[in-house]
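Comments concern the structure below.
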Amino acid sequence: MSDSLTDTTLQLLNRFLEADREACLDLMTKKVAVNDAVANDKDLVCRERKKAEGHELGILGLINGILNATGSSRVAVMTDHDGEIVGFSKYKVPVAAPPAPPAPPSSK
């Protein structure tokens, strides 16, 4: 997987955040409603709308769509413990926790 485009994207996003935090945060939180064709696109990264039916797309979903289409790694927002954006990094696929071991047999 080529990461040259991902690295360049991360550098630009982090420079943007550092240069004008307010504008970057404003842009990152904007979402637009999209139709099913966009929501079902194999590369774009959409999510279900929180307050209405349908799906929405933000600038990060569009950027990740471009990265997906070029075979590059996706990017993600990094936040602190308070949920504040502190930067951007390569997306790491969440790993599911292993299943809990079975309960010991009861001794009835």
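Of note:
- Residues with amide H under 5 Å from that of Val34, placed H, sequence gap 5 or more: His55, Glu56, Leu57
- In the chain, the convex hull through the Cα atoms has an average projected area of 11.3 nm², a quarter of its surface area.
- Proximal lysines to Lys31, defined as alpha-carbon separation beneath 26 angstrom and excluding residues fewer than eight positions away on the same chain: Lys42, Lys50, Lys51, Lys90, Lys92
- Label point distance in nm, Arg47-Lys90, each placed 7 Å from Cα along Cα→Cβ: 2.3 nm
- Modelled FRET efficiency - R0 25 Å, Asn35 with Thr70, Cβ distances, 0.05 increments: 0.55
- Here the Karplus relation 6.51 cos²θ - 1.76 cosθ + 1.60, evaluated at θ = phi - 60°, turns the backbone of segment 17-28 into coupling constants of 4, 5, 6, 8, 3, 4, 5, 4, 5, 4, 5, 5 Hz, with x for every Gly and Pro.
- With contacts taken as Cα pairs under 8 Å at a separation of at least 6 residues, segment 4-90 carries a relative contact order of 28 percent.
A short reminder: the numbers here are calculations on the coordinates, not readings from a lab. These numbers were taken from a predicted model, which means no experiment stands behind them. Backbone-built Cβ (ideal geometry, glycine too); neighbour counts: all protein chains shown.
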